[in-house]
Amino acid sequence: MTLHHDDRIRVLLEHAVSVRGFMPDDEGIALYEAGLEAGTRFPGGAFLEIGAWCGKSSVYLGAAAESTHSVLFSLDHHRGSEENQVGWEHHDEDLVDAHDGRLNTLPHWQRSIGDVDLEMSVVGLVGDSRVVSSLWTTPLSLCFIDGGHGEEPAWNDFNGWTPHIAPRGLLAIHDVFENPDDGGRPPYEIYCAALESGKFAEIGATGSLRVLERRAA
Ligand code: MG
């Protein structure tokens, strides 16, 4: 039995809400809607997200990918960012792998995707963002940057991935805080750089999520 489309979307979005992660529900819905917009502009196209953690945003974007016959490539080394390590604010003890004492979010990510049968629409890429971006050639209908929020990873993601966004494709950035009291600077700085480059225009803002579109060439 296959679910009616609206029921399927409801199942996926409810699942996304239940997955552990750092994205408020309204921002998740806005991300899903950005995915729908990108998938409508480029049916059958490729989305890419950097920073998957346990798969919350992957399910939001995966729902949009499935609806538009797109594929989401979900990239993460699954070892956690600096802010997730022991002693930091966003550390989660039960994500530590007893095998080597390191964080490992990959099994959790796999369950998040597998529990709602999204494997045909969401493909995991496990590795370093720079290594993957340096050999990537497929134009992206949507790129979502939510990886390491330190200066070096954020700029590497911006420089490595934004050139792959197709004209009229979308760039979404998470944790963009205009006010330094609300959060770290690098996501805000790469957002400013995208606008200042003249190549992108803002089309949406929800909480700390910003959605930009690449201007037509
Ligand atoms: Mg985030």
### Task
Please go through region 152-177 and pick out each residue that is away from the ligand (no atom under 16 Å from the Cβ) and either modelled with pLDDT under 95 or in contact with a Leu (Cβ under 9 Å, 6 or more places away or on another chain) (or both).
162, 164, 165, 166, 169, 170
### Task
Would you tally the residues in region 93-120 being part of a loop (DSSP other than H, G, I, E, B), in contact with a strand residue (DSSP E or B) (Cβ under 9 Å, 6 or more places away or on another chain) and without any contact (Cβ under 8 Å) to a residue 60 or more places away in the chain?
5
### Residues (within 17 Å of residue 80 (Cβ to Cβ), part of a helix (DSSP H, G or I) and open to solvent by 20 Å² or more (accessible area, probe 1.4 Å)) located in region 138-165
152, 153, 156
### Query
Is it true that residue 90 is in a loop (DSSP other than H, G, I, E, B) and within 15 Å of the chain's Cα centre (by Cα)?
no
### Task
Restrict the check to region 52-66 and report whether at least one residue is open to solvent by 10 Å² or more (accessible area, probe 1.4 Å) and more than 14 Å from the ligand (Cβ to nearest atom).
yes
### Query
Does residue 80 satisfy the condition of being without any contact (Cβ under 8 Å) to a residue 60 or more places away in the chain, over 20 Å from residue 204 (Cα atoms) and either more than 14 Å from the ligand (Cβ to nearest atom) or surrounded by fewer than 19 Cβ atoms within 10 Å (Cβ to Cβ) (or both)?
no
### Task
Give the residues of region 172-211 that are touching a helix residue (DSSP H, G or I) at 6+ places or on another chain (Cβ under 6 Å) and either open to solvent by 60 Å² or more (accessible area, probe 1.4 Å) or outside any helix (DSSP H, G or I) (or both), sorted by residue number.
172, 173, 175, 176, 177, 200, 206, 207, 209, 210, 211
### Query
Applying the selection to region 1-33, what residues are acidic (Asp, Glu) and either more than 16 Å from the ligand (Cβ to nearest atom) or buried (at least 16 other Cβ atoms within 10 Å of the Cβ) (or both)?
6, 7, 14, 27, 33
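The values are calculated or read from the model by the stated rules, or taken from the named source; none is laboratory data. Quick caveat, the model's predicted, so the values are computed rather than measured. Because the Cβ atoms are built from the backbone with ideal geometry, glycine has one as well, and the counts that use them run over all protein chains shown. Only protein heavy atoms, including side chains, enter the accessible area calculation; ligands, DNA and RNA are left aside. Shrake-Rupley method; radii C 1.70, N 1.55, O 1.52, S 1.80 Å.
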